[in-house]
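Everything on this sheet refers to the single structure shown next.
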Amino acid sequence: LVEAERKKQRGKKKQQKRQNAEENEVKGDTDILFYFGFSHSVNYIMCTSDKAKRKGIEAVQAIPSDRLLVESDVHATEDVILGTAGATSYAAHARGESLQDVAETSTINGLRFISSLSS
């Protein structure tokens, strides 16, 4: 029963995210927008104290879903996929959301941000 309720809530969140993205497109929302990117290497690995890790998680939780980005924050091209996957996993864990939901949200946000730059 609890799992069924969780699935229902995830479905509602996913539908709301898509609706928000569609509304922004319809409105012609082309102003440059502010986003906040998080990476596994900076926001978790480099945080050595429990307090720093807790603050990092609180920061990820405080960002509205429609302003969240994840980033690999790596220098070598071959590390980008793993770095981005780590960042997505970190954000999903911090927010209590599924990996797929955070991946979809951050992809939509990234594309919306990039398209705002070309206006």
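Where a number appears in this text, it was derived from the coordinates with a stated rule and is not lab data. Bear in mind the structure is a predicted one, so any value in this text is a computation, not a measurement. Positions of Cβ are generated from backbone atoms using ideal geometry, with glycine treated the same way; all protein chains shown enter the neighbour counts.
Note down the magnitude of the dipole of the stretch 48-90 about its Cα centre, charges +1 on Lys and Arg C-beta and -1 on Asp and Glu C-beta and zero elsewhere, to the nearest 20 debye.
With only Lys, Arg, Asp and Glu charged at Cβ, the dipole is about 320 debye.
For a quick check: with amide H placed at 1.01 Å from N, whose amide H comes under 5 Å from residue 38's, ignoring anything fewer than 5 positions away on the same chain?
It is 69, 70, 71, by chain and number.
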